[in-house]
Amino acid sequence: MKNRVGIFIGIGIVLLILIAVGSLWGTYNSLVTKSQQIDGQWAQVETQYQRRFDLIPNLVNSVKGIMTQEQTVFNAIAEARSKYAGAATPNEKAAAGGEVETALARLLVVMENYPQLRSIEAVTQLMDELAGTENRISVERRRYNDYVRDYNTAIKKFPTNLLAGMFNFNERNYFESVSGADTVPKVEF
């Protein structure tokens with residue numbers, strides 16, 4: 001009888017250990033999955049940035065011939081694109097992307113002051129493409145921030161925070177707009 005009790009206790013202990021190990025294993029894999037989702041979503045943001053950067057030269061070249069006096073706007077766009085190309089981290093790329101947005105906003109304000117530009121079909125099509133790309137970027141950034149929120153929440157909850165700390169699952173940064181992005185650009189002639 002005592003042997004049976006000992007066997008049941010042993011089996012119970014083994015089952016508890018297997019459940020604990022399985023739970024830790026599942027938690028670890030969940031954190032890896034969430035981390036990979038963030039990386040994958042950032043790649044989506046970068047894909048949309050690249051689409052934007054591919055469209056910008058076409059738009060600028062279409063507009064440049066008519067607006068040669070607006071060279072500072074074109075220079076700002078070129079400089080922002082170069083900064084993005086040289087950025088290494090998601091935060092640096094986000095900051096450079098914000099500079100591109102600011103420069104594009106200035107270009108759009110300038111274009112509004114040249115009604116003949118809006119009548120040029122190529123410029124209109126490029127503007128529509130650029131507007132669509134900006135919307136896609138916004139959607140991808142929101143998804144990225146959603147994944148970051150889910151991941152950061154997961155690594156802060158007990159007992160996952162213990163495992164996250166042991167395996168260096170650190171908090172990820174949200175995408176944040178650059179300072180001044182909420183200010184309407186002013187273009188003076």
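The values are calculated or read from the model by the stated rules, or taken from the named source; none is laboratory data. Computed from a prediction, not measured in an experiment: that's the story for all the values here. Every residue, glycine as well, gets a Cβ built from its backbone with ideal geometry; the counts of neighbours run over all protein chains shown.
Of note:
- When every residue of the range 3-23 is checked against the conditions, none turns out to be surrounded by 11 or more Cβ atoms within 10 Å (Cβ to Cβ), of a type outside the set (A, V, I, L, M, F, W, C), modelled with pLDDT of 80 or more and closer than 26 Å to Arg142 by Cα.
- Each residue in the range 88-104 was checked for being hydroxyl-bearing (Ser, Thr, Tyr) and touching a residue at least 12 places away in the same chain (Cβ under 8 Å), and 1 of them qualify.
- Only a single item in (1) farther than 30 Å from Asn173 by Cα; (2) at pLDDT 80 or above; (3) of a type in the set (A, V, I, L, M, F, W, C) is not met by Leu126, and it is number (2).
- Extreme residue, modelled with the highest pLDDT, among residues of the range 132-185 that are of a type in the set (A, V, I, L, M), surrounded by fewer than 18 Cβ atoms within 10 Å (Cβ to Cβ) and more than 21 Å from Gly26 (Cβ to Cβ): Val139
- Among the residues listed as Gln48, Gln41, the single one being at pLDDT below 85 and crowded, with 18+ Cβ neighbours inside 10 Å: Gln48
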